[in-house]
1. Exactly which trypsin sites (Lys or Arg not before Pro) in the range 151-203 are in a DSSP loop and have at most 16 other Cβ atoms within 10 Å?
2. May I ask you to give the percent of accessible area on the chain that is carbon plus sulfur, with a probe radius of 1.4 Å?
3. At most 16 other Cβ atoms within 10 Å and a DSSP loop assignment: could you name the trypsin sites (Lys or Arg not before Pro) in the range 54-137 that fit?
4. Any idea what the dipole of the range 1-53 comes to, in debye rounded to 20, about its Cα centre with Lys/Arg Cβ at +1 and Asp/Glu Cβ at -1?
5. Determine the per residue accessible area of the range 72-140 with all protein chains present and a 1.4 angstrom probe, expressed in square angstrom.
6. In the neighborhood of Gly162, defined by Cβ-to-Cβ distances under 11 Å, what is the net charge if each Lys or Arg adds +1 and each Asp or Glu adds -1?
7. Within the range 2-78, list the GluC sites (Glu not before Pro) lying in a DSSP loop whose Cβ has at most 16 other Cβ atoms in a 10 Å radius.
8. Can you give me the accessible area per residue for the range 148-233, using a 1.4 Å probe, in Å²?
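The values are calculated or read from the model by the stated rules, or taken from the named source; none is laboratory data. Only a predicted model underlies this, so the values are computations on that prediction, with no experimental measurement involved. Reconstructed Cβ throughout: ideal geometry from the backbone, glycine too, with neighbour counts over all protein chains shown. Note: accessible area is taken over every heavy atom of the protein model, side chains too, but ligands, DNA and RNA are not part of it. Shrake-Rupley method; radii C 1.70, N 1.55, O 1.52, S 1.80 Å.
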Amino acid sequence: MQEHLIELQDIYKIYQMGDTEVRANDGVSFTIDDGEMVAIVGKSGSGKSTIMNIIGALDVPTEGKYCLNGTDVSSMTDDELAAIRNRQIGFIFQQYNLLPRMSILKNVELPLVYAGVNEAERKRRAMAALEKVGLGEMTKKMPNQLSGGQQQRVSIARALVGNPSLILADEPTGALDSRTSKEVLGFLKELNEEGNTIVLITHDNSIALEAKRIIRIHDGKVVFDGTAEAYRKEI
């Protein structure tokens, strides 16, 4: 039987704020399979960012078990988490997180530098990733010479360059106008159709509905997990 790509079992993330116990995640369980495109949606303070940090190996749960590709990530050290992030997860952020003094080619190469890939292979793979997002002619440009939509495409190329198991997109259209947002979402859907697993984190229901499956988080709990069609009827 095939393992799930992502498996969360009774995830709790508990913070102590003075005398108050805050349960950012309160018994979250779900699975995501290889090749899915899933939106995790919730308002600010719902716990969706906390669950994103756990899925992205940026944090570990207080209680519960998280397996990525069959590996238990829930009690790893910081160094082990960093290795998992570098090998298995491609990140796309709202603010692009590009280094301003590096060309877009060098920005895309960065995950491969950390992975110890040699210079010639880094350049080859970064060029291929930029070609894929339609920026193959712009490799020498600096981030400030690009539009917001183009910068987000660079961050998508950077997420793809290490051939990750999972692409985690945190509010990827949050800094873009509506037309450019549609272009970026369309591109993410194309990547999913090519077999990439995409988990989209958003507070916006209209963005979430672009995914095939939606998981809604409220007060640290999963309150909906189903198809976009079913979710549309709920809102």
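1. Passing both the DSSP loop test and the Cβ count: no residue.
2. 45
3. Counting only loop positions with at most 16 other Cβ atoms within 10 Å, the trypsin sites (Lys or Arg not before Pro) in the range 54-137 are Arg101.
4. Here the range 1-53 has a charge dipole of around 340 debye.
5. Counting only protein heavy atoms, the per-residue value for the range 72-140 is 58 Å².
6. +4
7. Glu3
8. Dividing the accessible area of the range 148-233 by its residue count gives 42 Å².
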